[in-house]
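Everything on this sheet refers to the single structure shown next.
The values are calculated or read from the model by the stated rules, or taken from the named source; none is laboratory data. In this text, all values refer to a predicted model and were calculated from it rather than measured experimentally. Virtual Cβ from ideal backbone geometry, glycine too; neighbours counted across all protein chains shown.
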Amino acid sequence: MKLEVFADAEGVARAGAAVIAAEARTAVAQRGRFVMAASGGRTPWLMLRALAGEDVPWQGVHVLQVDERVAPAGHPDRNLTHLAASLLGHWPLGAEQIHAMPVEAADLEAAAARYAETLRELAGSPPRLDLVYLGLGPDGHTASLVPGDPVLDVADADVAITGVYQGRRRMTLTYPIIDRSARILWLVTGSEKAATLRRLAAGDRSIPAGRVCRDRALLLADRAAAGEPGPE
C-alpha cells in the first residue's frame, strides 16, 4: 500500500480525480470500457465533481456502487442520492452508465444476486473492476464491511446483505470482488480517522479495512487523518 498525504480534503479529492482519470484513459484505450465502483462520503463526492475538469473518455465509463443503505429512492441516507447529484449534473454520463444497487427490492438476497450478475456483465466472470475507491470509518469499517457482521466472512459471493448497522441494513460488495480489482483507491480525511488510519497503514487485520488486499492499493489522506501537523 502506498500512502500520499495532502494538505486538506480538497487536495485529496483533486488527487483522487487525477488517479481515476488516468486509470479510465488506460482502460478505455485498451478495452473500450472503464468500470469503477463508488463509495459514499463527502470527500468522494468532492472527487467526483473534480473529475469534471479532467480528461476522461466518458463514453466508456460505467459506475457501480460499493455499498448502499436499504432506504427509499431519493432518501438522503442513500449513497445513490448524492452520487447522482455529483455525477449527472457534472459529468457527461447517461443514467444507463450508473448502475444502482437494487435496495428497494422486497427480496434483498435475490436483489444482491441480480447485482452480482450486473457486475459479471460489465466486468467479466469472475468480475474484475478497473478501480474501486473506499473510505474508512473510525471503527475500521470500509464499504459496508462492518465489525462483527457475518458479511465479513462471505467468500462465495461478490455482493451480500448486512445486518443492521447505524440503523439500516446495507447491500455491499464483499472482499472477493474488492480484492480482485485492478486498483484500490482509499480516500481518508479528518482527524477522527487518524488512529484507524495508522492501523490500516500497518496492515492490522483486526479491523475490517485491514483485511482488504494491499498489493494494488493507493491511500490518499489529508494531514489531519495522517496525524501530521498543519502549516503554522
Which of the residues spanning the stretch 159-198 are in contact with a Leu (Cβ under 6 Å, 6 or more places away or on another chain) and of a type in the set (D, E, K, R)? R183, K193
Working only within the stretch 146-163, note down all residues that are surrounded by 18 or more Cβ atoms within 10 Å (Cβ to Cβ), outside any loop (DSSP other than H, G, I, E, B) and in contact with a Lys or Arg (Cβ under 8 Å, 6 or more places away or on another chain). I161
Test R128 against the criterion of being basic (K, R), at pLDDT 95 or above, surrounded by fewer than 24 Cβ atoms within 10 Å (Cβ to Cβ) and within 28 Å of A21 (Cα to Cα), and give yes or no. yes
What residue, of R31, R49, R14, R69, is without any contact (Cβ under 8 Å) to a residue 60 or more places away in the chain and closer than 29 Å to D204 by Cβ? R14
Filter result for E23 (touching a helix residue (DSSP H, G or I) at 6+ places or on another chain (Cβ under 6 Å) and not basic (K, R)): no
Starting from the stretch 202-223, take each residue that is more than 17 Å from G137 (Cβ to Cβ) and without any contact (Cβ under 8 Å) to a residue 60 or more places away in the chain and list its partners that are surrounded by 14 or more Cβ atoms within 10 Å (Cβ to Cβ) and β-branched (V, I, T), counting only C-beta distances under 6 angstrom and pairs at least six apart or across chains. R216/I184
I need the full set of residues from the stretch 116-127 which are in contact (Cβ under 8 Å) with a residue 24 or more places away in the chain and touching a Pro at 6+ places or on another chain (Cβ under 6 Å), in order please. L119
Take the residues of the stretch 17-53 that are under 15 Å from L93 (Cα atoms) and surrounded by fewer than 16 Cβ atoms within 10 Å (Cβ to Cβ): which is farthest from the chain's Cα centre (by Cα)? G53
Would you tally the residues in the stretch 164-179 being part of a loop (DSSP other than H, G, I, E, B) and crowded, with 22+ Cβ neighbours inside 10 Å? 1
